[in-house]
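What follows is a single structure, written as structure tokens, with notes after it.
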Number of protein chains: 2
Amino acid sequence: MLNFTFHNPTKIIFGRNTIGTIGEEIAKDGHKKVLMVYGMGSIKKTGVYELVVNSLKSHGVEFVEVGGVKPNPVLSKVVEAVNVARKEKVTAILGVGGGSTIDTAKAVAVGVLYEGNVWDAFTKKYQPEKALPVYVVLTLSATGTEMNPNAVITNEETGEKYGMSYPCIYPKVSIIDPSVQFHLPPKQTANGAVDAMAHIFEYYFSGVENTDVQDEMAEGVLRTIIRYTEKLLNDPTDYEARAQFAWCTTLALNGFISAGVGGGDWACHAIEHALSALYDIAHGEGLAIVVPAWMKYTMMRNLKKFQRFAEEVMEITPDGKSSVQIAAEGIEKLKAWFASIGQPTTLKDAGIPREEIPKIVENVAKRTLPIGKLVKLDKEDIVRILEIGAS
Amino acid sequence: MLNFTFHNPTKIIFGRNTIGTIGEEIAKDGHKKVLMVYGMGSIKKTGVYELVVNSLKSHGVEFVEVGGVKPNPVLSKVVEAVNVARKEKVTAILGVGGGSTIDTAKAVAVGVLYEGNVWDAFTKKYQPEKALPVYVVLTLSATGTEMNPNAVITNEETGEKYGMSYPCIYPKVSIIDPSVQFHLPPKQTANGAVDAMAHIFEYYFSGVENTDVQDEMAEGVLRTIIRYTEKLLNDPTDYEARAQFAWCTTLALNGFISAGVGGGDWACHAIEHALSALYDIAHGEGLAIVVPAWMKYTMMRNLKKFQRFAEEVMEITPDGKSSVQIAAEGIEKLKAWFASIGQPTTLKDAGIPREEIPKIVENVAKRTLPIGKLVKLDKEDIVRILEIGAS
């Protein structure tokens, strides 16, 4: 096990009928006026908007709004919201929505207290130690942003999709009511499943040894995600399945099951971010293409772990097979499972021709190469991975 | 899954050579003078004392000391330390030691800010919302107190051993260096194993349903504790085993794997506290007697879960057996495993005659009855459980 520091200060309020507590949580921290950030308006259809607004009002919290955050959230929206937040002199940011909205809220929280371009925090030119406090009402479980210090934003001018990770952007309070996710289309549940599983993989397969209890917990969360994704695709209004699924996506990236495993690999995410920066594809779709291809390319460098994964998570029976066979079957079964929940698993499935590979690789290469930890990947490696994932 | 609020603000610093950071952690919070609480002096033999003192000095943190905390820590020591802390006007308490020392430090932290008798916090006559900040250097992994809001103290005048649980006593920072535990006698490792497993059982078997991911994680941590206890009894200086074991004992009771499971059962702990309040027996020893007896008594009320436990944790093969058989075999195997690591598993093993049972039950009954959640236990039930555990 590697040395680690674990400090996750986010307060989670989880369960049915919890959204109405948001006003109290914000008011008791002394905030009189907040900026509420949200997405494309689904919160108005589901009643979440009304719940939040009533709760703020009944606790005397004024608010201004910036809506219209899109999936794969963009820098221009962050800048727009920063300007509103400054003009209105709010003291906290409230994100109501899914990962894109919450990440936007976090970026705004950093931007308000920084005179330069907030993109500097993503390129690490600026490494913020302060941000306005962020409050969250989560309406789409997937990215884990509700309990971590990360945010991913696309700079649409440069076509770069980068993440940032700073302790100052841990949400202060996050409310997760799984019952408001009943209406989500199956596609978003599938995207969330792949994203959460990929978060776990980034640590699980990163090559660090002597991480037995972390592996046990990772495998347990992976099995649970698989089980409840299938249940939800069957019945999207199954509360217990929504609750299990929601909590798993939080656990997948709140630093808890990965404590002692180091910083993770993150090559799959880097490659995927290039994909969804360039093409109209969801993060979870891009990962369903990149992850199995990366696994095939790197499998021999961590064979024992891929074998363990195949047996413990993908239920491959080892009888008489070689380690290589078992590991390879595990990866194939994962890929088939991604397909079974409606995900593309090749570039072709996503309508991206093989000829685009050099362009994707150039986009990945805008960041410092090599990427990854288990295997340090340079351009040539990334080309090969994308070729594996092409069709 | 039940609704829950999760908020664990403790910062964990984990790994080799981390103890020297304690001075910096305390100094950066602005403390100039602390009370250092410790046990029977083993920290002076292992070099931990010197590491802590040097770190405090080099960061300009003054300190006063109260040593001599014994296993099953007592109220009189808390009162003694509260008086020192007040007289010396310290602004924080630093516990350096195992569970007894840290629990004493927490009680002192409460006592300093309360004019009445600190025992009131254990009887709930006083429900503290403030305490001095507590810092921890852990030297014995077992109780999980380093990352939770609990403390257990014995009132030696009344023979009562009670716990308290208040958010204000979460440690601010806890340092866990597994390598300082190399010298621990096997007995203390075995006690720690039983204690940590019992913490998990209190939630796992409490009868709440739809807790799949929590069960998966609980089972993973239980399997890991079993595996690494065996390794440590073989080689107490195996760093990776110490690290896995240490982190598991923290995970067992920091609220993470039990979030959504409710408050737990806690009947076994209540019964055990009566045992170790009356007899010279370690908490882990008392639990090794009470837990299997409680399991046998309550098994039929949660048969599916006991069967799952037998198969997933105790590796009982189900072939052709009835659920009852499988569940019962799991409990017997757990009891045999406790014995194999040197624990008493009956009152007789611990030198407590069957005739003492009424006295033990009277001690349990000093608190409000019934106790427990899966099965609400009154006096008669507790008699029966202790009779099962008698010999």
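The values are calculated or read from the model by the stated rules, or taken from the named source; none is laboratory data. As the structure is a computational prediction, the values presented were derived from the model and not from experiment. Please note: Cβ atoms are built from the backbone with ideal geometry, for glycine as well, and neighbour counts cover all protein chains shown.
Brief remarks follow.
- For segment A:319-355, a residue qualifies if it is surrounded by 15 or more Cβ atoms within 10 Å (Cβ to Cβ) and modelled with pLDDT under 95, but none of them does.
- Residue tally, condition in contact (Cβ under 8 Å) with a residue 12 or more places away in the chain and in a helix (DSSP H, G or I), over segment A:65-91: 11
- Whenever a residue of segment B:247-267 is over 20 Å from B:Thr229 (Cα atoms), its partners that are part of a loop (DSSP other than H, G, I, E, B) and of a type in the set (Val, Ile, Thr), lying with C-beta atoms within less than 7 angstrom and at least six residues away or across chains, give the pairs B:Gly260/B:Thr211; B:Val261/B:Val208; B:Val261/B:Thr211; B:Gly262/B:Val208.
- B:Lys44 meets all of the listed conditions (1) in a helix (DSSP H, G or I); (2) closer than 21 Å to B:Phe182 by Cα; (3) touching a helix residue (DSSP H, G or I) at 6+ places or on another chain (Cβ under 7 Å) but one, namely (3).
- Within segment A:364-391, considering residues that are in contact with a strand residue (DSSP E or B) (Cβ under 8 Å, 6 or more places away or on another chain) and buried (at least 21 other Cβ atoms within 10 Å of the Cβ), the one nearest to A:Tyr203 (Cα to Cα): A:Ile371
- Residue count for segment A:315-360 under the criterion of being assigned to a loop (DSSP other than H, G, I, E, B), under 30 Å from A:Pro185 (Cβ atoms), touching a Lys or Arg at 6+ places or on another chain (Cβ under 8 Å) and of a type in the set (A, V, I, L, M): the result is 1.
- Residue match in segment B:363-372 (condition: closer than 20 Å to B:Glu219 by Cα, touching a residue at least 12 places away in the same chain (Cβ under 8 Å) and among the β-branched types (Val, Ile, Thr)): no
- Between A:Gly284, A:Gly260, the distinction of being closer than 30 Å to B:Met1 by Cβ, surrounded by fewer than 24 Cβ atoms within 10 Å (Cβ to Cβ) and outside the structural domain of A:Gly159 (by TED's automatic domain parsing) belongs to A:Gly260 only.
- When residues of segment B:144-198 are limited to those that are under 18 Å from B:Ile22 (Cβ atoms) and among the hydroxyl-bearing types (Ser, Thr, Tyr), the one surrounded by the most Cβ atoms within 10 Å (Cβ to Cβ): B:Thr145
- Restricting segment B:202-217 to residues that are more than 14 Å from every other protein chain (Cβ to nearest Cβ) and surrounded by fewer than 23 Cβ atoms within 10 Å (Cβ to Cβ), the residue that is farthest from B:Thr46 (Cα to Cα): B:Gly207
- Looking only at segment B:356-370, and only at residues there that are over 19 Å from B:Glu285 (Cα atoms) and not hydrophobic (A, V, I, L, M, F, W, C), the one that is modelled with the lowest pLDDT: B:Arg367
- Taking the criterion of being within 30 Å of B:Lys231 (Cβ to Cβ) and either at pLDDT below 95 or hydroxyl-bearing (Ser, Thr, Tyr) (or both), the residues of segment A:209-246 that qualify are A:Thr211, A:Thr224.
Okay, residues lined up against (1) surrounded by 24 or more Cβ atoms within 10 Å (Cβ to Cβ); (2) in a helix (DSSP H, G or I); (3) not charged (D, E, K, R):
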| position | (1), (2), (3) |
| --- | --- |
| A:Ile93 | yes, no, yes |
| A:Asp103 | yes, yes, no |
| A:Ala109 | yes, yes, yes |
| A:Tyr114 | no, no, yes |
| A:Asn117 | no, no, yes |
| A:Ala121 | yes, yes, yes |
| A:Val137 | yes, no, yes |
| A:Ala142 | yes, no, yes |
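- Checked against (1) free of Cβ contacts under 8 Å to residues at least 40 places away in the same chain; (2) of a type in the set (Asp, Glu); (3) part of a helix (DSSP H, G or I), B:Glu285 passes all but condition (1).
- Only one of A:Gly255, A:Gly260, A:Gly264 that is more than 8 Å from chain B (Cβ to nearest Cβ), in contact with a strand residue (DSSP E or B) (Cβ under 8 Å, 6 or more places away or on another chain) and within 17 Å of A:Asn8 (Cβ to Cβ): A:Gly255
- Filtered residues of segment B:3-22 (kept if farther than 18 Å from B:Glu240 by Cα, within 7 Å of another protein chain (Cβ to nearest Cβ) and in a loop (DSSP other than H, G, I, E, B)): B:Asn3, B:His7, B:Pro9
- Among residues that are assigned to a strand (DSSP E or B) and either under 19 Å from B:Ile225 (Cβ atoms) or β-branched (Val, Ile, Thr) (or both), B:Val152 is included.
- Against the list (1) at the interface with chain B (Cβ under 9 Å from one of its Cβ atoms); (2) over 29 Å from A:Thr5 (Cα atoms), the condition A:Gly220 fails is (2).
- Counting the residues of segment B:226-246 that are surrounded by fewer than 19 Cβ atoms within 10 Å (Cβ to Cβ) and either free of Cβ contacts under 8 Å to residues at least 40 places away in the same chain or of a type in the set (Gly, Ala, Ser) (or both) gives 6.
- Hits in segment B:242-257 - residues which are outside any helix (DSSP H, G or I) and either out of contact with any Gly (no Cβ under 7 Å at 6 or more places or on another chain) or within 18 Å of A:Ala218 (Cβ to Cβ) (or both): B:Ala252, B:Asn254, B:Gly255, B:Phe256, B:Ile257
- Scanning segment A:179-197 for residues that are among the charged types (D, E, K, R) and touching a helix residue (DSSP H, G or I) at 6+ places or on another chain (Cβ under 8 Å) turns up just one, A:Asp195.
- Residues that are within 13 Å of chain B (Cβ to nearest Cβ) and not in a loop (DSSP other than H, G, I, E, B) do occur in segment A:184-196, at least one of them.
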